[in-house]
Amino acid sequence: MNIVLFGAPGAGKGTQSANLVRELKMVQISTGDLFRKAISEGTSLGKNAQSYMDKGMLVPDSVVIDMVDEELRKLSGKADLIFDGFPRTTAQAVSLENMLTQHSLKIEKAIFLEVDTQVLLGRLTGRRVCKSCGEVYHVLTKAPKQEGVCDKCGGELWQRPDDKEDVIATRLKAYEDNTSPLKAYFLQKNMLVTVDGGGSSEEVFNRLKEHLT
Ligand code: AP5
């Protein structure tokens, strides 16, 4: 089953995608991760995206759509795709449908992770990420054994530049203005599933799995 996983910044899309990849062997396509990879590699795509991401703004649709198109070509033949953080605008949603049709694929469910704003703020400000392997931690809910050091690879943990409070405010506004309307879009297509994204990661994952098996 191919799914879209969407929700506000900090809703747990990356965390739950990792659970789905590990337990259900699904394949994650995260536009945020693809951009961060391009930034770390210093490509022109990365430099372009960074100028928007550092301010908390959405990267222009044409840039994101071209990147996903390329990714889909690379993944040709793979099944059980998770689109994490894409689409984020109605134009992206329409393009995704067209791109998938070209690959004889379709989205079966668009899963919206619903989380209270205060909880989102706590998750975002407390997030720490490994600079080497990308493993995601949280200072309170998923602390590493040794502060500042990745349990998995020993790499240095850091705070994403867009997890600073002033940038978070812009990201939440971009979400409200552009991504929240996708709920109505997917509802009208009869694809929308809303999952309570509150509680522990395991609780959310158990709720999520009920819709995937
Ligand atoms: P992206 O990386 O996709 O950021 P986002 O959507 O803002 O989402 P986050 O990664 O912040 O949160 P998440 O929902 O994955 O939460 P996570 O699981 O990490 O995009 C970054 C930027 O790239 C955008 O701002 C934009 O500029 C650009 N971009 C990307 N895609 C784009 C697109 N399609 N169009 C245009 N621009 C695009 O969890 C957060 C924290 O909470 C972690 O510390 C985690 O450990 C913790 N946590 C998670 N779940 C729980 C739980 N249940 N209980 C306790 N703690 C939890």
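Each other residue within a Cβ distance under 14 Å of Lys209 adds +1 if Lys or Arg and -1 if Asp or Glu, for a net charge of -2.
Net charge in the neighbourhood of Ile3 (other residues with Cβ under 9 Å of its Cβ; Lys, Arg +1, Asp, Glu -1) is -1. Accessible surface calculations at 1.4 Å, restricted to protein heavy atoms, place the range 84-145 at 53 Å² per residue.
For GluC sites (Glu not before Pro), the sites in the range 37-124 that DSSP calls loop and that have at most 16 other Cβ atoms within 10 Å are Glu108. Sorted largest first, the spans of the alpha carbon positions of the range 74-195 along the three principal axes are 46, 34, 23 Å. Using the alpha carbons alone, the radius of gyration of the chain stands to its Kirkwood radius in an Rg to Rh ratio of 0.93.
Take 173-179, 191-197 and order them by the average number of nearby Cβ atoms within 10 Å per residue, most first; the result is 191-197, 173-179.
The values are calculated or read from the model by the stated rules, or taken from the named source; none is laboratory data. This is a predicted model, so every value here is computed, not measured. Every residue, glycine among them, receives a Cβ derived from its backbone with ideal geometry; neighbour counts consider all protein chains shown. The accessibility values were calculated without ligands, DNA or RNA, using every heavy atom of the protein model including side chains. Shrake-Rupley method; radii C 1.70, N 1.55, O 1.52, S 1.80 Å.
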